[in-house]
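J.: This is the structure I have questions about; it appears just below.
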Amino acid sequence: MSWFLRDDTVAGAPDAKVAVRAAQGDKAVGAGVLLAPGLVLTCAHVVNDALQRSPFDMSLPGHHPVRVGFRTHAWQVHEAHVAYWIPPRRTDDGGPVRAGVDSNWLGDLAVLRLVADARQLPSPPRRVGMARRQAVRAWHGGAHESTFADGRVTSFDGRFGYVDGFATGMAIGPAYSGGPLWAHDQEAWTGLVAAAHPPRTDPHTGRPATYHPQDLSRRSWAIPWQRIEAELRAVGALDSLPDEEPDPHHPAFVLLADALTSTFPSPETRLTAALDLARTCDAAPSSTVTAPTVDEFVQFLLTEPRALADFSGTLRLRDPSAADTALEAARIATRPRLLSRRELAQLHRYLSVLGPQVTGRLAEAARAALPKAAGRLDGATLDALLDQVEPLDGDSRSPEGEPRVPGLLRVIEYLAATYSPSEQISLRMWVSNVAARLGIPRAALFERRTDAEEWAKERRGRSDRARLLVEITRAGRERFRLRTWCDEGEGPRRLSTDSTTTYSGAEAARELLRILASLTLSGPAGRRPMVEALVDMDGLNLPVDEWEGSGPDDLVPGILGAEFPLVVHCPELLRKHERFVPEWRRRWQRLDSGTTLRFSGTGVDKLSAYGRLMDETDAVRVRVDVPAAVRDDIVRMCLAVGVPVVVWDRRPEHGSHALEHTDDVETRDLPEGVRAYRAKSVSTPADHPGRPVLAWADADRAVPRLHLAEPREGPG
C-alpha cells in the first residue's frame, strides 16, 4: 500500500447519494455520482430534463447552472456547470436519438463541476468494470434510503448492460437515471442507470395494460463503466484522475528521486514535506509518524496529475535548483499537469466572474496566441478548452537555457488583454504567480503581454459589428429549423432553446428581424448587425437573403439581405478537411493584403481549380463564375481548403452582373457591398439581375459547435 492514500482508495459505500434537481423547486429529475472531488457524473438527458430542455437535445447547455444535492447528515445543495458534454446519439449513425424508436443509445454523459468548494463532501466512491451476474443496487434521485432498487446484470456486451430487477421491492423507474449501479460484492459502482423498459400499455387508453406472465417486467439498461471511461477519456475528462504506477527507471523518476534525496535528506524532513503535500492534494497519509520512502513519494508525484506542480512551489521556496529539476521531470513525464490544484481553482474562479461569454473569448484568444495549435482546439466548454490548452508548449523565443512561456499562460495574457484594466488585474496577477513558480523570467512574460496588447488593439478595431448567427437546417419541403446566437464582441451567446419548431422562409425572416431589431438598437450607431447563416454544404445556395418577413399589414417589406449584411458559413467543410484549418487561419490573417482568384468561363473544372488553389497560397478571396454543373463543387472545395471569402451567383447561368459589381469592392467591405447590390436588385431588378452569395469564414471570431440535425421529440 502506498503511503499516500487517494480519495478513491479510501472511500467506502456511497453514503452520499447525489440528486440532480429541477431548475425550480426540490423535485429530483435524476441522480448522479461523484467522479472526483468537485466533479459529478450523470446522464446528459438528466441535465436536459433539469434545464427543461428536450431530453435528447444534443446542443451544449451553455452556462446555465444545474442544481445538485448531496444527502449526508443533512441536504446540501450546490450549483454546478457542465464541464464535459457527451450528448445522447444513435447507435447506427450518431444522429439524434428518436424518442419511441430507439430503445438504447450511446453517449448520454455529462460531467458537472461544482461552483463551491467541495472539500466538505464525501470522497468519490470506487469504480469497477461491469460484468454479467453482478448483483447491483440503484437509488432514486431523491436519495431516500427506502427507494433502493435491487437487480442483477443479466446481459453485458461492453456498450450496454441490462439489469433485471427482483420480483419484490422497488423497480428502477423515472428519476433513477444518471445514478450509480452499486456492486455489493466489490464495494464499488459499476455503471450509470440510463433507462427502464416501460410496461406494455393499452393501445386505446395509453395506460398500463393488464399484466400478462409473458410481459417484460422490471428490465432496465445502464451505461457500463468500461464505456464511460472510454468516452470520458476521449474528451479529456479523466486527465486529472490518478493513473497507473510509473516506471522507476524512467528519467523523470530518477530526476525526482535525486532531487528529493538532496533536498530532504532525512526521514523527518521528508515526512513534513509529505504531510504538507497530502493535505494540499486531499490525500490521506497512511502514517503521521513514519515518512514515505523516496520511491513512494516519487510515485505519487508522477501519478497524481497536479501533485508535482503543487510540490514544485514548495521546492521553489526551499531550493530553486531542485524546483527546476522537478519541472524538468514534469516536462519529460507524460502524466503531470502544468497547474497546481490551487492555481487551477483560482483560474476557474477568476474566469467564472467574467460571465458565460468567456469560453468563446478564450477560444478566440487561444487561436490568436497559438496559431499553430489552433486547428486542434475544439473544446465546447470552459473545462474542455482549458484541458486542451494546458499541455500545449509555449513559443521558442526565450533565451537559450531559460524556460519558455507555456501556451496556457500566453493564452491567458491574450484573454486578459481583451478586458478592461480592472478585469485584467486578477488574471495578470495569476499569470505572474504561475510564471514565478515555473522560474520564467519577467522579461519574457512582459514580452508576451506586449504581443497580447497589440493583438487586442487590432481586435477592438475589427470586432465592433454585432453578429446574429443562425443555424438553418431543413425540416421538410420549404420548412426549416433555426437555432440562433448573438455575438456582440464577447463570443456567441445562445438565444433560442426551441429545437422543434419549424418555419417557412417568411416566418423565419420575421423571427430573425425581431432579434435583429434589438441588436441594432444596442449596437454602435451606423453599424448594422451582420447575419451569419450557418449551413451544411447542401444549404450554401439557400436564398436566405431573399426571405421577406413582412405581414399583410406591415409598412416595410423586411427583406433580410437588403436590410442587413448577410453571409453564409459552412463549418462542416473545414471540420471534414481539418488539415486545411491552419491554412484558413493563415489566409485570414492576410485578408487586407492577399490576392483574389477568379474562376470563370466554361473551361474550368474541379481539378484545374484545385491546382490553382494549391499554387496561389496567398489568395484570400475567390470569385466563382462558372456553369452551374461545376460551380457548387468548386465553391465547396474553396471553402474546404481554407479560402475564407468566396463569392458566386446562385443563378444557373454564368457571366454574373453581380460578380462584376463586387470586383471593385475591398475584401473586408464585401458584406456591405453585397448587401448594397441586393438592395439594388429590389429597386431595379432589370438592371441588377444577379443573386450573389457571399461565404465568409472569420477565423478571429468563434462559431458555436453545431449539430446539423436536431431531435424532433423527447422520450415518451
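The values are calculated or read from the model by the stated rules, or taken from the named source; none is laboratory data. Note that the structure is a prediction, hence the values are computed from the model and not measured. Every residue, glycine among them, receives a Cβ derived from its backbone with ideal geometry; neighbour counts consider all protein chains shown. Accessible surface areas use protein heavy atoms only, side chains included; no ligands, DNA or RNA. Shrake-Rupley method; radii C 1.70, N 1.55, O 1.52, S 1.80 Å.
J.: Quick one: what are the phi-derived ³J(HN,Hα) couplings along region 278-287, Karplus 6.51/-1.76/1.60 with θ = phi - 60°, whole Hz, x for glycine and proline?
T.: So the Karplus estimates, Gly and Pro as x, are 4, 5, 5, 9, 6, 9, 9, x, 6, 8 Hz.
J.: Then there's this: With the Cα gyration tensor of region 127-190 in hand, convert its eigenvalues to equivalent ellipsoid semi-axes via √(5λ) and list them largest first in whole Å.
T.: Values for region 127-190, descending: 18, 13, 11 Å.
J.: Rounded to two decimals, what ratio of Rg to Rh does the chain give with C-alpha atoms and a Kirkwood Rh?
T.: Ratio of gyration radius to Kirkwood radius for the chain: 1.01.
J.: Additional query: Per residue, how many Å² of accessible area does the chain show with a 1.4 Å probe?
T.: 44 Å²
J.: Still on this structure, I have one more. Amide H to amide H, which residues 5 or more places from residue 394 or on other chains are under 5 Å from it, using H placed in the peptide plane?
T.: Residues meeting the criterion, in which the H sits 1.01 Å from N, are 407.
J.: What residues qualify as long-range amide H neighbours of residue 540, i.e. H under 5 Å apart, gap of 5 or more or another chain, H built at 1.01 Å from N?
T.: Excluding prolines and chain starts, which carry no amide H, there are no hits.
J.: Continuing with this model, one more query. Putting +1 on Lys and Arg Cβ atoms and -1 on Asp and Glu Cβ atoms, find which of 571, 613, 624 reaches farthest to the positive end of the dipole of region 542-678.
T.: 613
J.: On to the next question. At 10 °C and 1.306 mPa s, what whole-number value in µm²/s does Stokes-Einstein give for the translational diffusion of region 570-662, with Rh from the Kirkwood sum over Cα pairs?
T.: Estimated diffusion coefficient is 119 µm²/s.
J.: Another question, if that's okay. May I ask you to give the percent of accessible area on region 105-165 that is carbon plus sulfur, with a probe radius of 1.4 Å?
T.: 46 percent
J.: Farthest toward the dipole's positive end in the chain, which of 499, 389, 248, given Cβ charges of +1 (Lys, Arg) and -1 (Asp, Glu) about the Cα centre?
T.: After comparing all options, I get 499.
J.: Any lysines with Cα under 28 Å of the residue 576 Cα? List them, leaving off those in the same chain fewer than 8 positions away.
T.: Hits, sequence-local ones excluded: 372, 606.
J.: Same structure, new question: Short version: what are the Cα gyration tensor semi-axes of region 218-375, square root of 5 times each eigenvalue, largest first, in whole Å?
T.: Taking √(5λ) for each eigenvalue gives 32, 23, 16 Å, largest first.
J.: Over region 404-504, what is the mean sequence separation of C-alpha contacts under 8 Å (at least six apart), divided by residue count, expressed as relative contact order in percent?
T.: Relative contact order of region 404-504: 19 percent.
J.: How many percent of all Cα-Cα pairs in region 490-577 sit more than 16 Å apart?
T.: 61 percent
J.: Same structure again: For region 405-503, just run the numbers: alpha carbon Rg, then divide by 2.2 N^0.38 Å, N being how many residues it has.
T.: Normalised by 2.2 N^0.38 Å, the Cα Rg of region 405-503 equals 1.58.
J.: Taking 10 °C and 1.306 mPa s as the conditions, I'd like the Stokes-Einstein D for region 614-708 in µm²/s, using the Kirkwood hydrodynamic radius from alpha carbon pairs.
T.: My calculation gives 111 µm²/s for D.
J.: List every residue whose amide H lies under 5 Å from the amide H of residue 191, counting only residues 5 or more places away in sequence or on a different chain, with H placed 1.01 Å from N in the peptide plane.
T.: For residue 191, the qualifying residues are 181, 225.
J.: On to the next question. Which whole-Hz couplings ³J(HN,Hα) result when phi for each residue of region 150-159 is put into the Karplus expression 6.51 cos²θ - 1.76 cosθ + 1.60, θ = phi - 60°, listed in order with x for Gly and Pro?
T.: Couplings: 9, x, 9, 6, 9, 8, 8, 10, x, 9 Hz.
J.: Return the whole-Å distance between the Cα centroid of region 537-563 and the Cα centroid of region 329-373.
T.: Answer, in whole Å: 42.
J.: In Å, the Kirkwood hydrodynamic radius of region 55-184 over pairs of distinct alpha carbons?
T.: Kirkwood hydrodynamic radius for region 55-184: 16.9 Å.
J.: How high is the relative contact order of the chain, given as a whole-number percent (alpha carbon pairs under 8 Å, six or more residues apart)?
T.: Here the relative contact order equals 10 percent.
J.: At 222 nm, what helix-only mean residue ellipticity would the chain give, in deg cm²/dmol to the nearest 500, using -39500 (n - 2.57) for each DSSP H run of four or more?
T.: -10500 deg cm²/dmol
J.: Between region 257-283 and region 467-502, what is the separation of their alpha carbon centroids in Å?
T.: 55 Å
J.: Another question, if that's okay. Divide, for region 607-649, the radius of gyration over alpha carbons by 2.2 N^0.38 Å, where N is the residue count.
T.: Against the empirical 2.2 N^0.38 Å value, I get 1.04 for region 607-649.
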